[in-house]
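Worksheet for the structure shown next.
Derivation of every value follows stated rules applied to the coordinates shown; laboratory data play no part. All values reported here derive from a predicted model rather than from experimental measurement. All Cβ positions, even for glycine, are placed from backbone atoms using ideal geometry, and neighbour counts span all protein chains on display.
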Ligand code: PXP
C-alpha cells in the first residue's frame, strides 16, 4: 500500500503572505524522508496555492511518484503533457470551493474525461479519476479508459457511527468493483489519524492520498523545535 502525501497546504501557508516560505518542494523532500511513497500537488486554474514554479521544482526534485491533480481542461492537459508527472488525477474544480468537494461527474463529463485520458495517455502519463464511491462511476471510469480510480472518502470521513459504517460499505463496494474490472484502486480525502484504519484495511487497495491531516500534524509536532531554534538565535544575539 502506498502513501501519497499532498503538500498543497504548505503552499497555502506561503500564499498567506505571498512570500517565499515555506517551500512545498522542501516539504515534499522531508515527507519522502519520512517514508512518503508519492507526492501530490493540485495545480488549480486560479493558482491559489501550488503554482507553475512549484510544479517545475517538484518535478525536478521528487524521485518518487509525482501525482498531479488537475481539472480536465485544455490548459492543464497541455501543462501535464509538457511536465510529465507520473500520474495525473483528474478532479472536478470549482473556483469558490475550499477543497475538492466531490468526485468527478463522470456520467455527464464522459466525453471530456475520455478525451483528456486519451491525450494524457498519448504523452505516457497514467491517469486516475477521483470519483464518488459508486459502482456505476467505477464502470464508467473503465469505459473511458482510466488506469486507476481514487475513491472519494470525504463522506466516510465526515460521518460517525452507523452512518460512517454505511459510507464505508460504499467505499468497499467501489474498490471491489474497480479491482474486478481491472482498475487500480486508491482512496483519499478527509483521511486522518483517527479514521484512516477503516480504509487502510480494505482489500485490494493500491494506495492512499492524504494531505490536510498530515500537514496539520506537522505544524503541531514541529512547533516545539521551531520555537526552541528561534529562542536559541535570540539568546545568542543578545549575549
Ligand atoms: N485526493 C484528492 C483527489 C484531493 O483533491 C485531495 C485534496 O486536495 C486529497 C486526496 C487529500 O485530501 P485531504 O487534504 O483531505 O487529505
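Numbers for the structure displayed
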read-out: Packing-based exposure ordering (other Cβ within 10 Å, fewest first) of 76, 184; value: 184, 76
read-out: Order of 77, 32, 41 under a 10 Å beta carbon neighbour criterion, fewest first; value: 32, 77, 41
read-out: Segment 39-83 and segment 1-29: distance between their alpha carbon centers, rounded to Å; value: 13 Å
read-out: Convex hull volume per residue for segment 52-121, taking Cα atoms only, in Å³; value: 104 Å³
read-out: Nearest-ten-degree value, helix 74-83 long axis tilted from longest Cα axis of the chain; value: 60 degrees
read-out: Calculated Rg and Dmax of segment 1-116 using C-alpha coordinates, Å; value: 14.1, 41
read-out: Helix 24-33 axis, angle to the chain major axis (alpha carbon atoms, nearest 10°); value: 80 degrees
read-out: Pairwise FRET efficiency - residue 17 versus residue 60, Cβ, R0 = 25 Å, nearest 0.05; value: 0.55
read-out: Degrees between helix 110-122 axis and first principal axis of the chain (Cα, 0 to 90, nearest 10); value: 70 degrees
read-out: Proxy reagent accessibility, fewest Cβ within 10 Å first, across 130, 61; value: 61, 130
read-out: Overall dimensions of segment 142-239 by Cα: Rg and Dmax, Å; value: 19.9, 70
read-out: For the chain, Kirkwood radius (reciprocal of mean inverse C-alpha pair distance, Å); value: 18.6 Å
read-out: Segment 193-239 - Kirkwood radius from inverse mean 1/r over Cα pairs (Å); value: 13.8 Å
read-out: Value at 222 nm in deg cm²/dmol, rounded to 500, when DSSP H runs of n ≥ 4 in the chain each add -39,500 (n - 2.57); value: -15000 deg cm²/dmol
read-out: Estimated D of segment 165-220 in µm² per second, where Rh is the Kirkwood radius over Cα pairs and Stokes-Einstein applies at 4 °C, 1.567 mPa s; value: 107 µm²/s
